Amino acid sequence: INACYGGTAALMNAFAWVESSAWDGRYAIMVAVDIATYARGPARPTCGAGAVAVLVGRNAPLAFADPRERTTHACNVYDFFKPDHSVEYPTVDGALSQVCYYRALEDCYAKFCDRVDRLEGKVDGGGEGFNAEAADYFVFHAPYNKLVQKSYGRMHLVDARRKYEKKLLNDSEEKKADEEEDSNATTTTTLKGDVATKSTTGTATIAEEYLTKPIEETYSDKALEGILKSVSKSSYSQRLSDANSASKIVGNTYTASVFLGLASLVFHAGGRGDLVEGKSVVVFSYGSGALATMYRLHVRDPSPSTTVIDAMLNKA
């Protein structure tokens with residue numbers, strides 16, 4: 001169902017079963033297997049194939065600790081589909097599919113920020129809210145690496161637009177409470193000086209024109225694309241490069257893609273000893289058609305220290 005989202009749908013069902021009163025102590029195994037193949041053309045170099053199995057149970061080192069830390073986007077669109085089952089290649093509108101990916105990511109991400117802020121009590125001035133640099137790592141569905149890099153940049157645009165909208169709202173409320181008649185001019189001056197957002201890890205700024213421009217008009221804006229790449233470059237390298245390493249070698253694996261990314265992150269960051277207790281991983285899964293989910297995993301130290309994998313190996 002919904003192309004590349006199938007593995008995530010199975011994973012969410014496994015999560016629901018393991019955390020329910022119906023759980024009988026057994027483990028669930030989610031298996032995502034797919035082959036990405038295209039006819040001759042620009043998409044063919046992204047072809048790949050892969051299979052990933054995920055063991056799901058309680059007391060896991062990567063924990064889906066709070067089911068509320070999840071948001072979903074759904075719509076009906078024919079960006080990628082297989083109308084002829086006698087042909088192995090899909091029918092794809094590449095430009096539309098990319099825009100659908102952006103829309104799904106931005107919708108999931110904006111709602112995810114709002115939800116996490118509410119859960120952590122950071123609404124209405126309760127502290128710095130969730131943003132594109134708040135998680136230790138991100139894992140994206142990766143049709144090709146450049147799309148992931150551009151999409152992460154767009155998360156910084158969403159952050160800037162959200163900050164701008166909050167500033168407008170706060171200034172409007174302050175204006176109503178202000179008894180001075182000339183407060184409007186003061187507010188306008190302050191606003192333009194503060195809302196042009198600068199990434200803490202980047203060197204470029206996102207101009208105010210992009211904070212008010214209709215979002216649909218930004219998808220094909222190459223100048224903005226370059227700005228967002230510059231703003232997010234350092235953070236991308238820190239938070240996404242490990243997860244994207246495997247897909248650069250293997251190519252697109254469709255429904256297995258996001259789980260291949262997660263395995264790549266565990267291999268690289270875990271191999272360096274960086275995946276320590278308290279770290280967080282935000283996962284974005286997308287399937288054409290379209291359905292997408294963003295959720296957060298937390299790194300924990302299983303107790304007892306012997307994991308189920310160790311137990312299996314010892315029995316063998």
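Per this entry, Asn59 is counted among residues that are touching a residue at least 24 places away in the same chain (Cβ under 8 Å) and in contact with a Pro (Cβ under 9 Å, 6 or more places away or on another chain).
Restricting Ala65, Ala135, Ala51 to those that are modelled with pLDDT of 95 or more, open to solvent by 50 Å² or more (accessible area, probe 1.4 Å) and outside any helix (DSSP H, G or I) reduces the list to Ala51. For the range 1-48, the set of residues classified as of a type in the set (A, V, I, L, M, F, W, C), open to solvent by 40 Å² or more (accessible area, probe 1.4 Å), more than 25 Å from Asn145 (Cα to Cα) and not in a helix (DSSP H, G or I) consists of Ala22, Trp23, Ile29, listed by residue number.
Under the condition of being touching a strand residue (DSSP E or B) at 6+ places or on another chain (Cβ under 9 Å) and not in a loop (DSSP other than H, G, I, E, B), the residues counted in the range 114-132 number 3. Restricting to the range 236-252, and then to whatever is assigned to a loop (DSSP other than H, G, I, E, B) and out of contact with any Cys (no Cβ under 6 Å at 6 or more places or on another chain), can you tell me which residue is farthest from Thr37 (Cα to Cα)? Result: Leu240. From Leu240, Leu260, Leu265, which residue is under 15 Å from the mean Cα position of the chain (by Cα) and open to solvent by 10 Å² or more (accessible area, probe 1.4 Å)? Step by step, each of Leu240, Leu260, Leu265 is checked, and only Leu260 is under 15 Å from the mean Cα position of the chain (by Cα) and open to solvent by 10 Å² or more (accessible area, probe 1.4 Å).
When Asp274, Asp301 are screened for being open to solvent by 20 Å² or more (accessible area, probe 1.4 Å) and either without any contact (Cβ under 8 Å) to a residue 60 or more places away in the chain or within 30 Å of Thr91 (Cβ to Cβ) (or both), only Asp274 passes. Do you know which of the residues in the range 78-98 that are open to solvent by less than 30 Å² (accessible area, probe 1.4 Å) and not charged (D, E, K, R) is nearest to Val281 (Cα to Cα)? Once the filter is applied, the top-ranked residue is Ser97. Residue count for the range 51-77 satisfying the condition of being within 16 Å of the chain's Cα centre (by Cα) and over 18 Å from Ser280 (Cβ atoms): 3.
More than 23 Å from Asp117 (Cα to Cα), modelled with pLDDT under 95 and crowded, with 19+ Cβ neighbours inside 10 Å - does that describe any residue in the range 148-159? No - not one qualifying residue is present in the range 148-159. The set of residues in the range 89-134 that are in contact with a Ser or Thr (Cβ under 6 Å, 6 or more places away or on another chain) and of a type in the set (Asp, Glu) contains only Glu133.
All conditions in (1) outside any loop (DSSP other than H, G, I, E, B); (2) over 21 Å from Ser151 (Cα atoms); (3) hydroxyl-bearing (Ser, Thr, Tyr) hold for Tyr101, with the sole exception of (2).
Only residues that are out of contact with any Gly (no Cβ under 8 Å at 6 or more places or on another chain) and either touching a residue at least 60 places away in the same chain (Cβ under 8 Å) or of a type in the set (Phe, Trp, Tyr) (or both) were counted across the range 255-265, and they come to 4.
Of everything listed in (1) outside any loop (DSSP other than H, G, I, E, B); (2) modelled with pLDDT of 90 or more, the single unmet condition for Lys176 is (2).
The values are calculated or read from the model by the stated rules, or taken from the named source; none is laboratory data. Values in this document were obtained by computation on a predicted structure and should not be read as measured data. All Cβ positions, glycine included, derive from the backbone under ideal geometry; neighbour counts span all protein chains shown. Areas reflect the complete protein model, heavy atoms only, side chains present, ligands, DNA and RNA absent. Shrake-Rupley method; radii C 1.70, N 1.55, O 1.52, S 1.80 Å.
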